[in-house]
1. Quick one: in segment 1-16, which of the residues that are more than 13 Å from the chain's Cα centre (by Cα) and touching a residue at least 60 places away in the same chain (Cβ under 8 Å) is nearest to residue 91 (Cα to Cα)?
2. When you check residue 85 against the structure, is it more than 30 Å from residue 19 (Cα to Cα) and within 15 Å of the chain's Cα centre (by Cα), yes or no?
3. Among the candidates 103, 112, which residue alone is in contact (Cβ under 8 Å) with a residue 12 or more places away in the chain and surrounded by fewer than 17 Cβ atoms within 10 Å (Cβ to Cβ)?
4. Can you tell me which residue in segment 24-57 is nearest to residue 81 (Cα to Cα), limited to those that are surrounded by 11 or more Cβ atoms within 10 Å (Cβ to Cβ) and polar (S, T, N, Q)?
5. On the phi > 0 side of the Ramachandran plot and loosely packed, with under 13 Cβ neighbours inside 10 Å, is that true of residue 63?
6. Testing residue 1 on (1) surrounded by 14 or more Cβ atoms within 10 Å (Cβ to Cβ); (2) of a type in the set (A, V, I, L, M, F, W, C); (3) modelled with pLDDT under 95, one condition comes back false. Which one is that?
7. Return a yes/no flag: does segment 41-61 have any residue that is of a type in the set (D, E, K, R) and in contact with a Gly (Cβ under 7 Å, 6 or more places away or on another chain).
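The values are calculated or read from the model by the stated rules, or taken from the named source; none is laboratory data. Just so we're clear, the structure is a prediction, and the values are computed from it rather than from any experiment. Positions of Cβ are backbone-derived with ideal geometry, glycine not excepted, and every protein chain shown enters the neighbour counts.
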Amino acid sequence: MPAEIPADDRRRDHPRFQDENLQKNLDLVRPLLDMAKQKGCTPGQLALAWLLARGRDIVPIPGTKRKARLDENAGASQMSLTPAEVTALQDAVPVGAAAGTRYPVPTMKSVYI
């Protein structure tokens, strides 16, 4: 695992952050990181802006522990994405593209999807 994920970080227990799944998922994220850099925003802001651009019936509910992240998240409401950017983001990470299950096997048994 990359050194960026601390030893006591719970993500180390999640299949999406293990071995080849992690590398595949990092590859999926690269286009998003590139677009965020081009737009001068954080990846989180880009993700929230993408959700906001999907329609008035979509309401993102990001969680955070820190005021700085709350302020960052709020900044997404000031962003605008073109229809082409919305499509590019959707195409970069299509539904079901993530490698590995979202949670460890015991936890997945309690998720209703």
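1. 15
2. So residue 85 does not fit the description; no.
3. 103
4. Going through the qualifying residues, I end up with 45.
5. Considered against the rule, which asks whether it is on the phi > 0 side of the Ramachandran plot and loosely packed, with under 13 Cβ neighbours inside 10 Å, residue 63 comes out as no.
6. (1)
7. No; the residues of segment 41-61 include none that is of a type in the set (D, E, K, R) and in contact with a Gly (Cβ under 7 Å, 6 or more places away or on another chain).
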